[in-house]
Amino acid sequence: MKEALIIFIKNPELGKVKTRLASTIGDEKALEIYKLLMKHTREIAQNVAVDRHVFYSQFIDENDEWTNSDFYKHLQNQDPDLGLKMFSSFHDLWKKGYEKVLIIGSDCLELTKDTVKDAFVLLNEQEAVIGPAKDGGYYSIGFNFNLLDQKTEKVMADVFLNKTWSHEDVFTEAMSALNSNNLRRAKLPLLSDVDYEEDLKHLL
């Protein structure tokens, strides 16, 4: 079965990453933490035997640590709306013929390769999987397009489009979209993202 992992990253530039974290620890430390988070995410991805697609926020870096031999590289949809960015990346891989596709961000130090591998196993029988984050969002979501079949485009639109982001009900709204489409879905473990200084203290 053709499987793909999507990784969303921000180009690691001073003052442009982890801005909420930077507000208390400064831009330089926030950039250092973000590079640590990306390294953690990259190592997880490299240990999962699927096609790996990294989507950059601003420009594709052909010479960074996301090696061209391990990752297909893309530019995110440049519309500022996060939901449209995710919709576009899933839609592109669906049209390329992938059957199971899962997205992860680069903000979760608690994420492990086993959680990602388990998500793909769950997608053998489930139409969708979702990983709730402790801040009310989600750190991962994925679909089995073969099982969704003709519902695919509607489900992705219902989950991603015309949504607001970065609030405590993001996960609840995503679950409502999955439930309204009567999908067989599974939840992954509840994990913490790193957005604020207290998140970092908790994890380290």
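No lab work stands behind these numbers, since they all come straight from the coordinates. What you see is a predicted model, and the numbers here were worked out from it, not measured in a lab. All Cβ positions, even for glycine, are placed from backbone atoms using ideal geometry, and neighbour counts span all protein chains on display.
Taking 2.2 N^0.38 Å as the expected size of a compact globular protein, what ratio does the Cα radius of gyration of the stretch 69-169 give against it, to two decimals?
1.07
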Starting at the first residue of the stretch 121-130, write each ³J(HN,Hα) from the Karplus equation 6.51 cos²θ - 1.76 cosθ + 1.60 with θ = phi - 60°, in whole Hz, x for Gly and Pro.
5, 4, 6, 5, 10, 9, 6, 8, 10, 8
Separation in nanometres of the label points that stand 7 Å from Cα toward Cβ, at Val121 and Glu153
3.5 nm
For the stretch 110-117, Karplus couplings with θ = phi - 60° (6.51, -1.76, 1.60), whole Hz, Gly/Pro x
7, 5, 10, 5, 5, 5, 5, 4
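Of Lys73/Lys154; Lys100/Lys154; Lys96/Lys154, which pairs sit farther than 21 Å apart, going by alpha carbon to alpha carbon? Intermediate values should be presented prior to the final figure.
Working: Lys73/Lys154 26 Å; Lys100/Lys154 17 Å; Lys96/Lys154 18 Å.
Table pairs above 21 Å Cα-Cα are Lys73/Lys154.
If I take R0 = 45 Å and measure r between the Cβ atoms of Arg184 and Thr19 in this structure, what FRET efficiency does the formula 1/(1 + (r/R0)^6) give, to the nearest 0.05? Write out the running numbers ahead of the final one.
Working: r = 37 Å, r/R0 = 0.83.
It comes out at approximately 0.75.
Once you keep just the Cα pairs under 8 angstrom separated by 6 or more residues, what percentage relative contact order results for the chain?
Working: 346 pairs, mean separation 47.2, N = 204.
Once normalised by length, the contact order is 23 percent.
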Find the eigenvalues of the gyration tensor of the Cα atoms of the stretch 2-85, then list the square roots of 5 times those eigenvalues as equivalent ellipsoid semi-axes, largest first, in whole angstrom.
23, 16, 11
Under 14 Å, Cβ to Cβ, from Val101 - net charge with Lys/Arg +1 and Asp/Glu -1
-1
For Arg52, other-chain or 5+-apart residues with amide H closer than 5 Å (H placed, Pro excluded) are Leu5, Tyr72
Rounded to the nearest 500, what is the chain's calculated 222 nm mean residue ellipticity when only DSSP H runs of at least 4 contribute -39500 (n - 2.57) each, over all residues?
-12000 deg cm²/dmol
How far, in degrees from 0 to 90, does helix 27-46 lean away from the longest principal axis of the Cα atoms of the chain, to the nearest 10?
40 degrees
Options [x] 47, 37, 32; [y] 95, 38, 25; [z] 57, 38, 35 are given for Cα extents along the principal axes in Å, and the computed one is [x]
Under the rule rounded for a/c under 1.5, else prolate if a/b exceeds b/c, else oblate, using alpha carbon gyration tensor axes a ≥ b ≥ c, the stretch 58-117 is classed as rounded
